[in-house]
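The values are calculated or read from the model by the stated rules, or taken from the named source; none is laboratory data. Bear in mind that the values here come from a model prediction, so they are computed numbers and not experimental data. Please note: Cβ atoms are built from the backbone with ideal geometry, for glycine as well, and neighbour counts cover all protein chains shown.
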Amino acid sequence: MSFSIIRPLPTVQEVVEQYPLSSTLKLIKKNRDKEISHIFNGTDSRMALIVGPCSADYEKSVLEYVLKLSKLQEEVKEKFVLIPRIYTNKPRTNGLGYKGLMHQPNPCQEPNISSGILALRRLHLKCFEESGLTAADEMLYPDVLGYLEDILGYIAVGARSVENQQHRLVSSGIDVPVGMKNPTSGDLGVMFNAIHAAQSKHAFAYKKQEVRTSGNELAHVILRGYSTKNGENISNYHYEDLKNVDSLYKKNQHLKNPAIIVDLNHANSGKNYKEQPRIAHNVMESRQENPDLKKIVKGLMIESYLEEGRQELEDGVYGKSITDACLGWKDTEKLILNLANMCE
């Protein structure tokens with residue numbers, strides 16, 4: 001075969017024992033989970049803002065970013081629950097390039113997934129310990145979930161994974177909100193099928209065991225735009241798009257806790273990160289125009305880092321994305337404060 005074994009991966013037990021969650025943090029996590037779940041089940045009228053770098057790269061700069069977010073949380077706590085975006089696995093369209101912290105704990109060195117698994121646990125734990133904010137990560141590899149599931153406050157399933165059976169079934173056993181992105185084709189039926197699967201009970205094979213899940217009633221929509229067969233980016237955050245998703249939820253009455261998160265970047269912005277504030281204001285205005293949309297649009301996803309834009313790895317600018325371009329911190333802070341003023 002064309003596979004060669006490099007080294008065995010550390011077990012979940014080994015990693016969790018090395019970086020354990022204290023009893024204090026477990027209590028904070030329990031309360032945070034309740035706070036976030038109340039947004040998605042409609043008992044809390046605040047919005048969730050999932051904010052942070054396109055991909056987590058260096059521990060020091062990601063931690064600095066999350067601490068800034070934690071400070072801002074105090075200012076906007078009456079309007080928003082801020083969820084740091086700490087994405088430790090990065091899907092790549094053509095499979096090439098930086099694939100995230102798990103693959104390369106040091107982006108300047110060769111891949112080392114065994115070390116990367118320790119690094120992603122350490123990063124999430126350190127950010128949680130110092131900020132008090134449980135974070136979001138993308139479930140790119142369902143088997144990796146065990147290394148983080150006791151820490152995460154939110155999980156996203158990406159546009160390229162949303163059709164995958166294992167992602168859907170594993171999501172049905174997760175205890176925090178899971179956002180299902182529309183696929184790159186824009187087919188909303190695919191996304192709604194994924195939500196239906198995630199909210200249902202299942203028995204399946206997972207990690208060499210036969211398991212049973214009870215269903216995740218907090219699985220929901222993430223709109224991120226899509227691409228045509230000619231590569232043209234098409235947005236789906238406008239008033240009419242939100243109304244359409246609201247109508248689809250009403251047609252699928254078996255789905256619980258209807259909710260939409262709007263991803264401000266990706267195809268919605270045409271990969272132009274500077275468009276994110278304009279799109280955010282557009283979404284907030286749509287919520288103000290229609291009571292149904294105010295009820296169902298639960299939050300926004302914002303790609304943001306310490307410095308704006310993106311860079312090549314060799315440029316070495318501290319706190320600047322090495323994957324997709326992001327808003328800088330100053331513009332992010334301004335945006336969130338402006339959005340808070342738009343909330344009634």
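Structure notes:
- Output for the range 294-314, where each listed residue is farther than 19 Å from E333 by Cα and either aromatic (F, W, Y) or surrounded by 19 or more Cβ atoms within 10 Å (Cβ to Cβ) (or both): I296, V297, K298
- You will find that of K71, K99, the residue that is at pLDDT 95 or above and basic (K, R) is K71 and no other.
Residue by residue, here is whether (1) of a type outside the set (D, E, K, R); (2) surrounded by fewer than 18 Cβ atoms within 10 Å (Cβ to Cβ) holds:
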{"position": "I50", "(1), (2)": "yes, no"}
{"position": "S70", "(1), (2)": "yes, yes"}
{"position": "E78", "(1), (2)": "no, yes"}
{"position": "I117", "(1), (2)": "yes, no"}
{"position": "K126", "(1), (2)": "no, yes"}
{"position": "S131", "(1), (2)": "yes, no"}
{"position": "L140", "(1), (2)": "yes, no"}
{"position": "L152", "(1), (2)": "yes, no"}
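- Selection within the range 186-218: residues that are touching an Asp or Glu at 6+ places or on another chain (Cβ under 9 Å) and touching a residue at least 60 places away in the same chain (Cβ under 8 Å). The member of this set that is nearest to V283 (Cα to Cα) is L218.
- Answer residue from the range 74-96, given it is in a loop (DSSP other than H, G, I, E, B) and modelled with pLDDT of 95 or more and is farthest from the chain's Cα centre (by Cα) among those: E78
- Flag for I322 being in contact (Cβ under 8 Å) with a residue 12 or more places away in the chain, touching a strand residue (DSSP E or B) at 6+ places or on another chain (Cβ under 9 Å) and closer than 14 Å to M284 by Cβ: no
- Annotation note: Cβ proximity below 6 Å between a residue of the range 283-300 that is touching a residue at least 40 places away in the same chain (Cβ under 8 Å) and in a helix (DSSP H, G or I) and a residue that is surrounded by 16 or more Cβ atoms within 10 Å (Cβ to Cβ) and of a type in the set (S, T, Y) (sequence gap 6+ or interchain) occurs for V283/Y237; L293/S286.
- Criterion (surrounded by 16 or more Cβ atoms within 10 Å (Cβ to Cβ), among the polar types (S, T, N, Q) and within 19 Å of G328 (Cα to Cα)) met by exactly one of N265, N257: N265
- Residue satisfying all of: in the range 1-58; polar (S, T, N, Q) and in a helix (DSSP H, G or I); nearest to the chain's Cα centre (by Cα) among these: S37
- Between V162, V221, the distinction of being more than 20 Å from D33 (Cα to Cα), among the β-branched types (V, I, T) and without any contact (Cβ under 8 Å) to a residue 60 or more places away in the chain belongs to V162 only.
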